[in-house]
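Taking it in order: structure first as structure tokens, then the write-up.
The values are calculated or read from the model by the stated rules, or taken from the named source; none is laboratory data. Owing to the predicted nature of the structure, the values given are computational and were not obtained by experimental measurement. Cβ placement follows ideal geometry from the backbone for every residue including glycine, while neighbour counts extend to all protein chains displayed. With ligands, DNA and RNA removed, areas are computed over all heavy atoms of the protein, side chains included. Shrake-Rupley method; radii C 1.70, N 1.55, O 1.52, S 1.80 Å.
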Amino acid sequence: MVFSFFKKPTQKMPERRAAKPRAQAPESVPPNVAEEAAASLAAPLPDLEFTNSNPLGAGAPAAKVVSPAAKPAAPVRAVIDPNLAKDDFDDADFTESSVMGIDVDQDADPVQSDVEHVVVLFANGQEAAARSLLETLIRSYPGDEGRRFWLLLLDLLQCVGDRAAFDKLALEFAETWETSPSSWRRTEPVVMMKSNGQRRLVLQGVLTAEEGAASVTDLAGLVAQGLPVVVECGKLISCDDEVAGRLAAILREARRNGVAVELKEIDGFLARLNERLLSAAGRESDWALLLELLQRHGTQELFEERAVDYAVAFELSPPSWEGTPPPAAAPEEDEMLPASDAYYLEGDLKNRRFDELVEVLDGHELPIVDFSGVRSMDFFSAGQLVNRIAPYRARGREILIRSPNHLVAELMAVVGLNKQARIIVPKS
């Protein structure tokens, strides 16, 4: 005879636990026992334990109430009800997971935490919030540990151009720390003075209207004043249409007014520009720059050949070959200030991948990346710089990052760049 442990499917299982075991024997199992059993398992079961002691007949199981303290004779399958309250669970019932096992350092340096908070705000462009927080922090840390916040605030005031607030804070800094802070400085392109009055200017990287154009503006100012200038172009990779048009106009003005503008190591950039315009039409400003550079560093034959291409592309009369006057006599070598092999960055570095650094890192035994002209850098760019430098560090190469402001330097430390390169911050 077969007995069922479950009620008929037409009956609903009781919601409450049974206070007493039922005395009657279970009813027989219907033919479709598997389907009915699966459906019945979804309802809660009373805490019954079945033994072989059968007062109703041989082979029939009997039921008894299981005491909460009693140990089950067989393994119990646990089902957690999602409706149970959180307090119904004991912490001892759970194993540690990788998520719950996050190591939270209760002894973290509060100064470092506050510095990182400021850096995050500034890197995200929240300058007002960073400034407000720093103005509070310089009062919250009166000891030596608070000096970092003074330096950060001084650099932030320079970045936002608040000269009056900077001068006021600089005076208070000198009284508090008995030393002079860094002086107010204007972010300038790289211009190197020579003893005979000639200037040296560096054009490098990818020049766009947003980044690097300050150097082009400075060149225009020198030409307008009629001052001779040597322009280092060995690190110049490319430029956008707007910068190309400006450069072409500046060089044309200098050539026609007899202002000595000497382009050093321009061949690489000229070859790349010429090749690009051979494969694509380009804009008129690109062609204007190409033809102006050929006036200075090409043959008349090559110039006229490309001038015909220009006329066909734009249906305009090309400029005529004029050539360029000989450059001014170079000064004696000992009159020139030592040139730097550093690669200069400037402005706000946002979403930068630093592809142009590959040539710099590969081409120098000790690459120097100068940040003196950099105002800010976002987290994406900082991470990309780490990724760009890390393979060289892994091969034992040393890389020097020079003169970032304190806000950028602290960001570099947050992303771990200080473990990949040597960072030199100006003294205050």
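Details
- Residues located in segment 387-424, provided they are of a type in the set (A, V, I, L, M) and surrounded by 18 or more Cβ atoms within 10 Å (Cβ to Cβ): Ile389, Ile399, Ile401, Leu407, Val408, Ala409, Leu411, Met412, Val415, Leu417, Ala421, Ile423
- Contact map, segment 317-330: residues that are within 23 Å of Arg199 (Cα to Cα) paired with residues that are at pLDDT 65 or above and part of a loop (DSSP other than H, G, I, E, B), Cβ distance under 7 Å, separation 6+ or inter-chain. Pairs shown: Pro325/Gly258; Pro327/Ala260; Ala328/Pro228; Ala328/Ala260.
- Among (1) modelled with pLDDT of 90 or more; (2) more than 23 Å from Thr208 (Cα to Cα); (3) not small (Gly, Ala, Ser) - the single one Leu349 does not satisfy: (2)
- Of all residues in segment 248-264, those that are more than 20 Å from Gly234 (Cβ to Cβ) have Cβ atoms under 7 Å from Cβ atoms of residues that are at pLDDT below 90 and open to solvent by 50 Å² or more (accessible area, probe 1.4 Å), 6 or more apart or on another chain, in Arg255/Thr324; Gly258/Pro325.
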